[in-house]
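Read-outs: derived from the displayed coordinates by stated rules, not from any lab. Since the model is a prediction, treat every value here as computed from it, not as a measurement.
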Amino acid sequence: MPPLQKHRLHWRRALFGVTTVAAAAAFAAVVVPWGVVAPRSVEHLVLSPAFLPYVLSGLVGLFAAVHAVVSLRSPELADVAREDDAHPRWLSRLCILSILLCCYWVLPETVGMLASAIAVTGGLLWLGGERRWPVFLGIALLLPAAIYLFFVTVAQVPLPTGELFG
């Protein structure tokens with residue numbers, strides 16, 4: 001790749017990082033306060049339902065900022081893939097991802113949060129290319145179950161059990 005194209009590629013990656021930082025900040029500033037209902041009786045942010053969205057948007061912003069800095073300061077580290085190295089089936093993968101996210105939005109009321117999290121996590125792993133069955137089943141089953149148990153038992157957050165199992 002010619003040096004000028006490499007330079008443009010690093011700036012595009014840095015711009016992606018900066019844009020993602022801005023999107024995470026906007027999410028934390030606009031979506032969380034408007035979309036998450038936090039009771040006024042909760043005095044500490046850690047106990048509030050808004051705590052996890054704030055933490056996740058902060059982490060996304062932090063990782064995007066690191067990505068932007070690495071793209072500009074260490075171009076050889078950011079030079080893993082060429083600009084035209086899009087996945088050959090990127091459009092179908094984007095459609096599958098959209099369907100999985102819609103399922104994760106709709107299914108918890110019907111089949112419950114745990115079953116829908118297991119199904120969507122399995123779908124995301126398959127979409128990402130994981131084909132080793134022990135790893136696939138371990139992550140698709142154990143990770144959602146552990147997160148579900150944490151929220152239900154430790155954090156005492158009521159999660160939907162679904163109409164089928166409730």
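When you restrict to C-alpha pairs under 8 Å that are six or more residues apart and normalise by the size of segment 109-158, the relative contact order lands at 38 percent. Both radii come from the Cα set of segment 85-138: Rg as radius of gyration, Rh as Kirkwood radius; their ratio Rg/Rh reads 1.04. When the alpha carbon gyration tensor of segment 124-166 is reduced to an equivalent ellipsoid, the three semi-axes, largest first, read 25, 13, 8 Å.
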